[in-house]
Structure formats: C-alpha cells, structure tokens
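The values are calculated or read from the model by the stated rules, or taken from the named source; none is laboratory data. Just so it is clear, the structure is predicted and the values come from calculations on it, not from any experiment. Virtual Cβ from ideal backbone geometry, glycine too; neighbours counted across all protein chains shown. In case anyone asks, the SASA skips ligands and DNA or RNA and just uses the protein heavy atoms, side chains included. Shrake-Rupley method; radii C 1.70, N 1.55, O 1.52, S 1.80 Å.
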Amino acid sequence: MRIAHLASEVVPFSKTGGLADVVGALPPALAALGHEVTVVVPGHRTTLKDAPPGEPRGEVAALGLTARLNVVLHRNVRVVLLDCPALYVRPALYSLPDGDFPDNAVRFAFFARAALAALAKLGGVDVVHAHDWQAAIAPLLLRYDGETRFTMPAAKTVLTIHNLAYQGVFPPWALEACGIPRELFTMDLLEFYGSANFLKGGLVSADAITTVSPTYAREILTPEFGCGLEGVLANRRDTLFGILNGLDTDEWDPRRDPHLELPFGGEDDVEEGKAAARQLLGREARLAAGERPLIGMVSRLAEQKGADLLAAALDEIVGLGFDVVVLGAGERRYEEAIRAAEAAHPGRVAAFIKFDERLAHRIYAASDLFLMPSRYEPCGLGQMIAMRYGTLPVVTRTGGLADTVIDAHEEGGTGFVLSELAPAALTGTLRRARAVLADPVRLATMRAEGMSRDFSWKASAREYLKLYERLTA
Ligand code: ADP
Ligand code: GLC
C-alpha cells in the first residue's frame, strides 16, 4: 500500500512535542511491515541560510507561492520537506511567547494544498493520513474541492487528533487567502460559532478519525473534553478509533543512549546506571550534593500539563525532601513561576527554560519520579519514556496516562496515579511515592515492571494498517 502522512513536525527534522515523535516513528514502523510510506512536512528553518536537507525534486505551486520539494530517505521512509521560505523561515514553528504567527491560516492551508500537489506529482498514494489541525485541510480538499479530488480520486483519508484543544480557528475572511472556496464555510463543514475551524473541516471530511489512546477517544465525546467539537465527533463515532501511541524504542533506549555516560537497561544495572546519570545531571543542574530523591519533569509549560499545579506545590515538594528538575518552555507565567522556585530553593530546584533533547534524555534517566499531572492527555509519551528508563511516573488518571500507568496499589504497578487534580493530592501522592523509593525491594519491582513493558510501535502500526486496509478494500 502507498501511504502518506501529513504533519507539521517530524523527528529528526522539527519538533515541539509528541506529534513529531509519532510522525517520526509510526511511518518507519509501517515501512517495516512492507509498505511504501511518504511523510510530507513543512521545511521549517530559522534562517534563510540553513536550507532544509534533501535532494531537490521539483516544485509545486499554490496560493501564489511555490514550495521546493526536498526529498530525503530516512529509515526507509520518503520524507518530503516543503521549502517555502516566505512561510517557513521563522524563529519558531507556530508562535512566539506573545502569540501565534498572524499568518498561520495561510501557512497551513498552503501546507495541505502543497502537500497534496506534491503527492500527486510523485505518483499518488492510496491513503492520506493527516495529523492535527495543521494538516486537516487536506481531507477537506480531497473530499470537497473538485480540482484536488481529481488529482488523487481513489485516495482514502484518515485524520488523527493528537490534541483537540488546538483546532486552528480563524476569522472567516482569512479563508480567501487560504484558497478555500467560500461554499465550504457552512455549518456542516468549516463554520464553528462564526469562525472557520480547520480541525472541524477535517473531522467532517475524513474517511476515518483516530485519536491517540482508547480513553481519550471516549473522553472527547463528552463536553468536559470535547472542546466544543463533541457533537461533531458524536456524529462520526462509528468511524472514530483510539489507537495508543508507541515509542521510538531506538531513540528512547537506556541501553544505547548516547547522552548517558553509563548506559543501563536491566535489573542488574539499573541502579548503577541511574546513579551515574544522577551524578552527571546533578553537576549540570547545580543541585546540592546529597542522597535526596529526584523528581523530573520534561514538558511544554501549558495549562494542559498541570504546570500551575507544580508551581503551586513546589515549596511543599521541596519540604518533603525531594530535589526537582524541570525542563520546559511555553507560557511565560509558568516559566516565571518555575524560575522563581529555583531562586527560592537554590541547589534543590533546577529550572531549564528551553527545548533540549540531550538534557531531556538525561533527566528521564536520572530521575526517580517523573511528574506529569496533566489536566487532559491524549496519549502522552513522557510517562512511557520514563518507565523505559526505570523512572516511576506520577500522573493523573486521564487519557493515555490512564491507559499506560498502573498505580502502585495495584497488581503490576508501574507508577502513581493522583486521586484528583489538586496540589494536596499531588503532595499526598508524593508522600506515598517517597515510601516506595525508600523500600529497595518494592522500588526494584516497580522499576522492572515498567522497564519490561512493550512500548514499541509494532502492535499499533498493525492497527493503523488494518484501518487503511478496511478503507481501501
Ligand atoms: P505533548 O506532545 O503534549 O507535548 P508528549 O508527552 O506526547 O506531550 O510528548 C512530549 C515530547 O516532547 C516528549 O518526547 C518530551 O520528551 C519532549 N519535550 C517536551 N518538552 C521538552 C523540552 N523542553 N526539551 C526537550 N524535549 C521536550
Ligand atoms: C499531543 C498530546 C500528547 C500526545 C502527542 C502525540 O501533543 O498532547 O498527549 O502524546 O500529541 O500523539
């Protein structure tokens, strides 16, 4: 089968979060099952000079702009980077701390159009699998735009929701510059409370909809998690599936992690390996020497991730005897709160306000506990990475966190689940975790349980494939 994935970011070329991990790992897993897989992404870059990698393979034109197709073969997947400097040479992918880029509607409507044109030019595909609002215009155009449909008449479409809170909502007058016909601005298609909603346009058009965990697939049908689209999704519930994300187990492997001084991976060496990682990180983070357990957090600093909860509970967490290291960037108010906690607790709290792959690996390896008190979590990769590195996750019972972490109270426990989303519940759970960390036998059992889980893409890639096969049958 010929399968194309369309997304706004992909490891190793661009990343702000788990979407890039998924689009970097699922396509190679599909290719390994014997399929012809293409990934199309914007050729993001920060300066005009650092041209995106790849061989030039012609150009496509849309909306009065052109994109050069730069093609790279990466892990048996053909990656097409759309090089369009006017739209994709920016200091960041979507926004600056003060807000989104004002031309995001055009940046991603162009992306969808140019990606489909590129696929047609390269010979067409059987399945177009779009991810999140940035690619959601592709299924809309393939279904309702005659000219686009004509280029790949047989292609089936899948749209995956990685995060329903981000929908790509723009004023209706933005549609013209996006080349989206005015007839598509109706209640059944793009219109959403008077605005144009790219994600909605994709959800009503795609042949199938998926999201990234079974629990989130149920949650988004409720007003609490549906972000206003619960009705649209309920209409399509027969073709809405929850398929759990996997991890790129090559990228996230403590046995072969180039960012660690002493790799580890089994019951026999986990303690030593983690102690070495702790030493290394302790120096880098300027944590005071000592035997205190370490809590790590690697996260976008957004309300979704419970960054406010962490900020509210930090003094007490330090009082419980934990050291804390946070790596994250995002909303200014949380960045400031975490910096302030670092200043208030020198040597005990370390704040890295940036995006840093290397440091992320070191934090997953060095920490005893990994904190992810999310308000909602479509899947979450951090908790799975943590378990692979022998770090016990502390999570809320929502979305993919509920599907992947088993509380210490239960058989086969791999982590700790908060009873509710409140600072007191967090500190209460951390007291419970502290007792486990002080008990070498229980700690070793829980670590081994998490480290032996299969977080690979194998099973989920097969599920996607079954879906593609049903659609194209
Ligand atoms: P989300 O996609 O909602 O941000 P996930 O848990 O699915 O959450 O994925 C987050 C991914 O981004 C993980 O691979 C995590 O390690 C990484 N990440 C998040 N923030 C940072 C950061 N500041 N530096 C490095 N990696 C980060
Ligand atoms: C989103 C979600 C996260 C998920 C990731 C990859 O960013 O917030 O929960 O793991 O996408 O699907």
>> If I ask for residues that are under 10 Å from ILE161 (Cβ atoms) and either open to solvent by 10 Å² or more (accessible area, probe 1.4 Å) or more than 16 Å from ligand 2 (Cβ to nearest atom) (or both), which ones from segment 228-241 would you list?
In response: LEU233, LEU240
> What number of residues within segment 163-179 satisfy the criterion of being part of a loop (DSSP other than H, G, I, E, B), touching a residue at least 60 places away in the same chain (Cβ under 8 Å), open to solvent by 10 Å² or more (accessible area, probe 1.4 Å) and away from ligand 2 (no atom under 16 Å from the Cβ)?
Replying inline: 1
>> Take residues that are among the hydrophobic types (A, V, I, L, M, F, W, C) and tell me which of the helices (runs of 4 or more DSSP H) falling wholly in segment 187-295 contain 2 or more.
In response: 198-203, 230-235, 270-284
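Residue-by-condition table, conditions (1) in contact with a Leu (Cβ under 8 Å, 6 or more places away or on another chain); (2) surrounded by fewer than 23 Cβ atoms within 10 Å (Cβ to Cβ); (3) more than 22 Å from ALA136 (Cα to Cα); (4) assigned by TED's automatic domain parsing to the domain that holds PHE355:
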site: VAL10; (1), (2), (3), (4): no, no, no, no
site: SER14; (1), (2), (3), (4): yes, yes, no, no
site: VAL23; (1), (2), (3), (4): no, no, no, no
site: LEU26; (1), (2), (3), (4): no, no, no, no
site: LEU30; (1), (2), (3), (4): yes, no, no, no
site: THR47; (1), (2), (3), (4): no, yes, yes, no
site: ALA51; (1), (2), (3), (4): no, yes, yes, no
site: GLU55; (1), (2), (3), (4): no, yes, yes, no
site: LEU63; (1), (2), (3), (4): no, yes, no, no
> Out of segment 374-396, which residues are more than 23 Å from THR445 (Cα to Cα) and more than 9 Å from ligand 1 (Cβ to nearest atom)?
Replying inline: ARG375, TYR376
> Scanning for something more than 18 Å from LEU82 (Cα to Cα), touching a residue at least 24 places away in the same chain (Cβ under 8 Å) and within 16 Å of ligand 1 (Cβ to nearest atom), does segment 24-36 turn up at least one residue?
Replying inline: yes
> Which one is farthest from LEU426 (Cα to Cα) among residues in segment 358-373 that are within 9 Å of ligand 1 (Cβ to nearest atom) and assigned to a helix (DSSP H, G or I)?
Replying inline: ARG358
> Which members of segment 421-473 meet the condition of being of a type in the set (Asp, Glu) and without any contact (Cβ under 8 Å) to a residue 12 or more places away in the chain?
Replying inline: ASP439, ASP454
> Within the bounds of segment 151-162, is there any residue that is among the basic types (Lys, Arg) and away from ligand 2 (no atom under 16 Å from the Cβ)?
Replying inline: yes
> Does segment 165-181 hold any residues that are of a type in the set (Gly, Ala, Ser) and within 16 Å of PHE111 (Cα to Cα), and which are they?
Replying inline: GLY168, ALA174, ALA177, GLY179
>> Looking at segment 411-422, can you tell me whether even one residue there is of a type outside the set (Val, Ile, Thr), open to solvent by 10 Å² or more (accessible area, probe 1.4 Å), part of a helix (DSSP H, G or I) and closer than 24 Å to ASP308 by Cβ?
In response: no
